[in-house]
Amino acid sequence: MQKMISAELGEWAIAHRRYLHQHPELSGEEYQTHAYIKRHLEELSIEILDYQAPSIVGYLKGADGSKTIALRADIDALPVMEEGDKSYLSKVPGIAHACGHDGHTAVLLATAKWLSEHRSEVKPNVVFLFQSSEEREPSGAEALVQQGVLENVDAIFGIHLWQPLAKGLIGTCHGPMMGACDEFKITIAGKGGHGAMPHETVDPIFIASQIVSGLQSIVSRTLSPLQSAVVTVGKVEAGSTFNIIPNEAVMLGTTRSLTVETRQHIYDQMKRIVEGIPVSFGATGQMEYYWGTPAVINDRTQSRYVEEVVRATFGDAVYAADMEPTLAAEDFAHYLVKCPGAFIFVGMGGEASAYPHHHPRFDIDEDVIPSAIELFIQLVLRFG
């Protein structure tokens, strides 16, 4: 492999990553991060396009310019109190880059730096998306799409420095890769009374337990075993003390799915269960369903292109050919609904990155940052 980047550029990216790590901002509040990115893009003579802050979008005119490729990084942090003894711990109490977005931002900044310094070699136009609010609704990706950021873009690519994938591997999926994430609230209205006289009540807690069992049957009995999906009730609220049957029970939960068809099927089955089971016991059930981030479904042409670039750049052994989808959610999905593209995992699982994403002790293995930069550059240089 002929490396396109120098050791100095990798160190430059790591320095920026550590600065960003020490100065995290929550979703929708990344205005200092916005200003930091903007200053460096302007120093690189990259045009700043007019999109709503705190997201920031840069543009580099290609030497040919007949095609346009977009690269995306997310810039927000999480409401997590960071733990550990590293020298670059978050300086903001209760907020930390516990998912890796600081690394994604540094990688894209370094990519922009290299491409701006080698403009004659860059044939396509390049759009650099530094996106707000990946971790929280309303989605920053959806907002940028609605503002027209993908108009005239031929393909879009994003990376995630991914702890569950072993360090040294890079992978993608040809089709579904990450799950749709929806939320629900179920309210069961019964008839309360004395706990010693249940026959005079309509017990919403008992009915809630039947609904939980029914919801689990959606995946186990109405979906093909080859279709991945999850229905989770994560919170149940009911009652005030041990000997009173309450009037009402409320359940909160999430569903995950990998296809549009499975997502709709889960909703339809849930509605039948929530409306049907309570009636059979003399109660009523109501479901409020919140359609969230859709599934990340890669365009197969573009994901094959990613595979080709990874194999050609890093060697066949680096490509994670057997990588499976995950039901974790990612708002990069909104871009893929609008434009062909692919999402990519850059593995970093190992001793330096031993804790999972969103853990207070999560950290990036910075050794993989140069490979992520290299990947972005090669995707641009070989495009079209």
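For segment 277-384, which whole-number percentage of the solvent-accessible area (1.4 Å probe, protein heavy atoms only) is attributable to carbon and sulfur atoms?
Using a 1.4 Å probe with all protein chains present, segment 277-384 comes out at 49 percent carbon and sulfur.
If I ignore ligands, DNA and RNA and count only protein heavy atoms, how much of ILE205 is accessible to a 1.4 Å probe, in Å² to the nearest 10?
80 Å²
Would you calculate a helix-derived [θ] at 222 nm for the chain, using -39,500 (n - 2.57) for each DSSP H run of n ≥ 4 and dividing by the full residue count, to the nearest 500?
Counting only the DSSP helices, I get -10000 deg cm²/dmol.
With semi-axes √(5λ) of the Cα gyration tensor in Å defined as stated, name the option among (1) 34, 25, 18; (2) 38, 23, 20; (3) 44, 22, 19 computed from the structure displayed.
Label (3) holds the value from this structure.
Taking only the alpha-carbon atoms of segment 345-384, what semi-axes of the equivalent ellipsoid follow from 5 times the gyration tensor eigenvalues under a square root, in whole Å, largest first?
Ellipsoid semi-axes (Å, largest first): 27, 9, 7.
Using a 10 Å cut-off on Cβ atoms, rank the peptides 275-284, 83-92 from the highest mean neighbour count down.
Going by the mean number of other Cβ atoms within 10 Å, highest first, we get 275-284, 83-92.
Give the lysines whose C-alpha is closer than 18 Å to that of LYS235, dropping any in the same chain fewer than 8 places away, or say none.
Partners found: LYS185.
Work out the length of the dipole vector of the chain about its Cα centre, built from +1 on the beta-carbon of each Lys and Arg and -1 on the beta-carbon of each Asp and Glu, and round it to the nearest 20 debye.
The calculation lands at about 540 debye.
Assigning unit charges at the beta carbon (Lys, Arg +1; Asp, Glu -1) and nothing else, what dipole magnitude in debye, to the nearest 20, does segment 16-144 show about its Cα centre? Write down the numbers at each step before the final one.
Details: 13 positive and 20 negative charges, 103 e Å.
Its charge dipole is roughly 500 debye.
Hey, what do the phi angles of segment 145-161 turn into as Karplus ³J(HN,Hα) couplings, whole Hz, using 6.51/-1.76/1.60 and θ = phi - 60°, x for Gly and Pro?
Once θ is set to phi - 60°, the couplings for segment 145-161 become 4, 5, 7, x, 5, 9, 4, 6, 8, 8, 7, 10, 9, x, 10, 9, 5 Hz.
Please report the spacing between the Cα centers of segment 106-142 and segment 150-212 in Å, no decimals.
Each part reduced to its Cα centre gives a spacing of 30 Å.
For segment 19-82 and segment 232-285, what is the separation of their C-alpha centers, rounded to whole Å?
41 Å
Near the amide H of ILE156, under 5 Å away, which other amide H atoms are found, from residues 5 or more places off or on another chain, if H is placed in the peptide plane?
Excluding prolines and chain starts, which carry no amide H, the hits are ALA70, GLY341, ALA342.
Quick one: which of 356-362, 239-245, 176-182 comes out on top by average Cβ neighbours within 10 Å, and what's the full order, highest first?
176-182, 356-362, 239-245
Choose one of ILE244, TYR36, MET270: the residue whose Cα lies farthest towards the positive end of the charge dipole of the chain (beta-carbon charges +1 Lys, Arg; -1 Asp, Glu; about the Cα centre).
MET270
When the chain is treated as a GNM, springs tying every alpha-carbon pair under 10 Å, which of GLY175, GLY103, GLY341 comes out with the largest mean-square fluctuation?
Looking only at GLY175, GLY103, GLY341, the largest GNM fluctuation is found for GLY175.
Charges on Cβ only, +1 for Lys and Arg, -1 for Asp and Glu, centred on the Cα centroid of the chain; of LEU223, GLY195, ALA333, which one is farthest towards the dipole's positive end?
Farthest towards the positive end: LEU223.
The values are calculated or read from the model by the stated rules, or taken from the named source; none is laboratory data. All of these numbers come straight from a predicted model, not from anything done at the bench. Note that each Cβ is placed from the backbone with ideal geometry, even for glycine, and that neighbours are counted across all protein chains shown. Only protein heavy atoms, including side chains, enter the accessible area calculation; ligands, DNA and RNA are left aside. Shrake-Rupley method; radii C 1.70, N 1.55, O 1.52, S 1.80 Å.
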